[in-house]
Every structure is written in structure tokens, then in C-alpha cells.
Amino acid sequence: MSLQHVYQINMRDNVAIALSDISAGTKIGNGIVALTDIPQSHKIALCDLPKGAPVLRYGVCLGTAKSFTPAGSWINESSLDLPDRPSLDALPYGTNIRPYSLLPDPPRTSWMGYKNNFGPAGTKNMLGIVTTVQCTVGVLKVAVEQMKRSLLPQYPHVDDIVAVSHPYGCGVAINAPDAVIPIRAIKNLIHHPNFGGQIMVVGLGCEKLTYDKVLTDEENIPENVLTLQDYEGHDAMMQAIYAMAKKKLEILNQRCRQELPLSELRIGMQCGGSDAFSGITANPSAGYASDMLVKGGATVMFSEITEFRDGVHLISARCIDREARDKLVQEVAWYDHYLEAGQVDRDANPSPGNKAGGLSNIVEKAMGSIAKSGSAPITQVIGPAELPSKKGLICAVTPASDIVCGPSQVASGIGLQVFMTGRGTPYGLEIAPVIKVCSRNDMKKHWFDMIDISAGDIAIGKATIQDIGNEIFHMILDVASGLKKPYSDQYGFHNDMCIFNPAPIT
Ligand code: CA
């Protein structure tokens with residue numbers, strides 16, 4: 001007899017997920033009766049679990065039962081002991097390589113983007129004004145708002161003007177070893193594909209992050225940099241910003257979209273506000289779209305170290321070579337050390353919202369999180385805000401924090417991000433459009449005009465992972481081509497560029 005009211009992911013699993021709130025006494029099949037009320041997306045035991053028995057979901061051990069747990073019990077974080085964290089010693093590579101021929105074929109093989117003579121093509125044509133220090137941002141925001149109204153309409157082929165607001169630049173230990181991360185983030189943001197190679201950097205004049213740290217000698221010229229302390233008062237400052245912006249806009253306005261192969265596209269995947277459905281519906285669908293993109297030659301990045309850390313052996317097995325595996329070990333070891341220095345427990349990652357959404361611990365979250373990387377081989381591993389030198393599936397080892405992972409991937413040159421959510425977040429990025437995919441239809445009903453795609457039909461058998469994967473794939477190409485705007489762009493819901501700075505603030 002099949003189970004009712006619940007979803008069992010792997011036949012080996014001894015727990016299943018409640019498809020909706022289950023009240024005590026509900027029969028779910030096979031003689032199992034819910035012993036207590038069980039909230040939607042939480043786990044129910046499918047058999048009696050002796051103390052110490054492994055609790056299996058995705059066919060993977062999430063932890064062991066803390067005490068005897070009868071069939072029909074609600075399983076949550078208080079019922080489980082965590083398994084040991086996978087060691088970084090002797091991680092395999094190349095042992096789980098799915099040939100490209102077995103990846104699903106992309107239904108479209110071209111898109112309309114802005115070709116660059118460096119890196120991938122742009123999904124937008126924007127003037128990006130990047131600062132070397134947060135002190136200038138008040139001026140820049142006012143200038144950009146005014147220029148959007150008075151200047152931008154004169155340049156119909158330019159999509160937008162953006163002031164890139166980040167917290168770095170001064171009052172920082174600029175020579176600390178870990179300062180390389182925020183510095184390369186700013187350097188790579190200046191050279192983002194959506195800015196079309198037009199450089200406009202605004203500094204204050206006394207900050208530690210000097211122009212030479214983020215620009216080459218050829219780029220560090222008066223035509224590209226503007227120092228606020230050089231100008232006498234407000235009006236002169238604004239006029240200088242306008243004058244430089246106009247010159248850049250003239251050049252950007254000559255660009256237009258052209259038909260390009262998928263190999264010119266670089267996108268990122270992220271999840272946030274996850275629940276127990278994220279790993280069944282939204283993330284595997286995004287993974288399917290990722291597989292189609294990778295097969296078509298595109299570059300897809302996935303991240304969020306604290307989520308995949310407990311499945312790192314599964315990631316390394318998909319690395320195509322020793323170089324990728326070694327870089328994975330190096331980056332993950334660095335992050336382990338970073339967390340240890342902060343005296344942080346690895347179980348600190350699942351948020352209260354994750355737990356309320358049925359994710360008991362970091363192992364369960366890891367398995368769901370990894371699902372968004374699909375099944376393609378991992379061609380390269382990069383550190384936070386580094387640029388990939390290869391195409392295909394890239395593991396970018398960044399924090400999982402939504403507002404830090406996003407800017408890190410943008411610095412790594414993504415032109416678009418797909419964001420999976422269970423609990424809902426209005427998150428968005430100004431530089432790269434964000435497509436929001438939710439894990440449950442309830443979420444879509446609740447935020448009907450803020451979530452772009454619902455993967456919830458998968459949980460109720462009305463759609464397959466392939467169906468939703470195709471829907472996500474088409475939306476990616478439509479948004480990247482400028483044919484559609486995701487809700488976050490329609491409303492202008494955009495987070496700041498909270499770039500990752502693990503180095504000391506002084
Ligand atoms: Ca995240």
C-alpha cells in the first residue's frame with residue numbers, strides 16, 4: 001500500500017516528509033499512524049527506530065536517533081545526533097563523473113546578450129559606478145538617482161545606471177592576508193560583464209583601497225577615476241560625476257544585443273530560506289536546468305560552503321581532476337579554520353526558519369542544497385569572488401549567507417542568479433537579475449506577485465522535475481535575453497553588495 005499525506009524521496013529512507021499539516025491519529029499507510037501533530041514539510045518516522053539507529057533521507061544518514069523513536073513519530077532536530085563531519089583527508093575525485101552525453105539536451109541553444117571582448121557576455125547593458133570606499137556612497141546614490149531621471153532616457157540602448165554600494169575600502173586591515181578576498185571582489189565588480197568594459201571608479205581620496213589595487217596601470221587614468229576630495233563643493237562634484245558618466249553612456253549606447261551561443265552565458269545558483277521541500281522540488285529542478293545549460297556549453301556556478309560541507313565527499317567525487325579536488329580541499333579547509341576561529345559550531349548554519357520549515361540539521365540541509373548543482377561534472381573550483389577560467393559547472397566556495405553569496409557570485413561574473421526558497425525572501429541583485437523559485441505552492445499563493453516560478457506541483461505529483469527544470473531553463477534564457485523581468489527587477493528590490501570580508505576591521 002502506498003503512503004498518503006507524505007513524500008518519501010528514496011526507497012531506502014525510514015522517514016518521509018509531511019505534504020501538509022498532519023494531525024495526530026492520521027493514517028498515512030502501511031499501518032503507520034501519526035503519533036502527534038506534524039507540521040507541513042517536517043519528517044515522520046516510517047518504522048520503529050531503536051536508539052542510535054541511522055535516520056535516512058535521500059538515502060543518506062542525517063543523524064542517529066537519540067532515543068527509541070516509534071513509527072509515526074515527528075522527527076526534528078531534538079530527536080537526532082549529528083553524524084561525524086566528513087574528513088578532508090583523501091577525498092576522492094573523478095569517481096562520480098556523469099558523461100555529458102547523458103545530461104539532458106537544452107531545448108534552446110542560443111540567447112540574446114551583449115558580447116564582450118573579455119569574459120562572458122552581458123545579460124544587461126549598464127553603467128556601473130564602483131566606489132573604492134563606502135564613504136562616497138551617499139553622494140553616488142543621489143547622483144545616480146538624478147542621472148537615471150535626467151540622463152538615462154537620452155541613451156535608449158543602456159538599461160540602467162548602478163551605484164555599486166559595498167562596505168569595504170577604509171578602516172580595514174588592507175594588508176591582512178584575507179584582505180585579498182574583498183579586494184578581488186571589488187576589482188572583479190568593476191570589470192563585471194554587464195558593465196561592458198566601461199570603467200568608472202569613484203573614490204574619496206584618503207581611503208586605504210587605492211585605485212592601483214583594483215585597476216591596471218592602463219585603466220588607472222583620469223578618464224576612469226574620480227576623487228571627491230578634489231572638487232570644491234557639491235555642485236562641482238556632481239558636475240564631474242555627470243561629465244564622466246555621459247562619456248561612458250555614449251559608448252555603452254552603441255552596444256546592442258546579439259544572438260549568442262550558451263557558452264557566452266555565466267549564471268549562478270543559490271538558495272535561501274530553505275525548507276524540507278526545497279531539496280525535493282525547487283533545488284532538483286534548478287539542478288536539471290543547470291544540467292541542460294552545462295550540456296549546452298554554459299557556465300553555472302553553485303556555492304554555499306556551510307551547506308555543502310557535510311556532503312563535501314559527494315562534491316569532490318564529481319570533480320574532473322586532481323586540481324579541482326585540491327582547490328576544493330584548500331578552500332574548504334580555509335573555511336573550517338575561519339569558523340573555528342570564530343568558535344562557531346557547524347550546526348549554526350540552519351536558521352530558525354529552516355528548522356521551523358522541517359530541516360533538522362546541516363546534513364539534511366546539505367543534501368537538499370547540493371541538489372541544485374544537478375549531476376554534471378565539476379570542471380573547476382574557485383574561491384570567493386575569484387573568476388573561473390573554465391566553462392561548465394563551477395563550485396564557487398562562498399559563504400551561504402544570501403546577501404554575501406550573491407555579491408560573491410556577481411564578482412565572479414554571473415549575469416543572472418536563480419534563487420530557490422522555501423520560506424520566502426524578497427532578495428534581489430541590481431547588477432544581475434534574480435529569478436525566484438519556490439518549493440511549495442502555498443508559498444507561491446502567499447507571495448503570488450513576488451515569486452517567479454513554483455516547483456510545488458512536483459510534491460503533489462502534478463509536475464515532474466523535468467517539467468519545472470524546463471520552465472526554469474526557459475525563464476533563465478528569457479531574462480538573460482532581456483525578454484522578461486523577474487519580480488525583483490520589476491519592483492527594484494535590490495540588496496547591497498555585501499562583499500565577503502574575513503579580514504579584520506580596524
Ligand atoms: Ca544562501
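Structure summary
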item: Single condition residue 252 does not satisfy, out of (1) of a type outside the set (D, E, K, R); (2) buried (at least 19 other Cβ atoms within 10 Å of the Cβ); (3) farther than 18 Å from residue 153 by Cα; result: (3)
item: Set 156, 120: member being in a loop (DSSP other than H, G, I, E, B) and within 26 Å of the chain's Cα centre (by Cα); result: 120
item: Of all residues in segment 381-409 being under 21 Å from residue 104 (Cα atoms) and away from the ligand (no atom under 16 Å from the Cβ), the one that is surrounded by the fewest Cβ atoms within 10 Å (Cβ to Cβ); result: 390
item: Subset of segment 174-193 that is farther than 25 Å from residue 122 by Cα and in contact (Cβ under 8 Å) with a residue 24 or more places away in the chain - its residue that is surrounded by the most Cβ atoms within 10 Å (Cβ to Cβ); result: 179
item: Selected residue [more than 16 Å from the ligand (Cβ to nearest atom) and either surrounded by fewer than 18 Cβ atoms within 10 Å (Cβ to Cβ) or free of Cβ contacts under 8 Å to residues at least 60 places away in the same chain (or both)] from 171, 196, 203; result: 171
item: Failed item in (1) touching a Leu at 6+ places or on another chain (Cβ under 7 Å); (2) more than 16 Å from the ligand (Cβ to nearest atom); (3) at pLDDT 95 or above, with residue 373 passing the rest; result: (2)
item: Positions within segment 7-36 being polar (S, T, N, Q) and either within 26 Å of residue 371 (Cβ to Cβ) or touching a residue at least 60 places away in the same chain (Cβ under 8 Å) (or both), in sequence order; result: 8, 10, 14, 20
item: Lone unmet requirement of (1) part of a strand (DSSP E or B); (2) surrounded by fewer than 18 Cβ atoms within 10 Å (Cβ to Cβ); (3) of a type outside the set (Lys, Arg) for residue 101; result: (1)
item: Odd one out for residue 259 among (1) outside any strand (DSSP E or B); (2) more than 16 Å from the ligand (Cβ to nearest atom); result: (1)
item: Candidates 307, 323, 250, 264 - the one that is charged (D, E, K, R) and within 24 Å of residue 427 (Cα to Cα); result: 307
item: Total residues in segment 410-440, condition within 13 Å of the ligand (Cβ to nearest atom), more than 17 Å from residue 490 (Cα to Cα) and polar (S, T, N, Q); result: 1
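For every residue, the table says whether it meets (1) within 12 Å of residue 73 (Cβ to Cβ); (2) surrounded by fewer than 22 Cβ atoms within 10 Å (Cβ to Cβ); (3) touching a Lys or Arg at 6+ places or on another chain (Cβ under 6 Å).
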| site | (1), (2), (3) |
| --- | --- |
| 21 | no, yes, no |
| 25 | no, yes, no |
| 31 | no, yes, no |
| 35 | yes, yes, no |
| 43 | yes, no, no |
| 49 | yes, no, no |
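The values are calculated or read from the model by the stated rules, or taken from the named source; none is laboratory data. Here the structure is a predicted model, which is why all the values come from computation and not from measurement. Note that we place each Cβ from the backbone using ideal geometry, even for glycine, and neighbour counts take in every protein chain shown.
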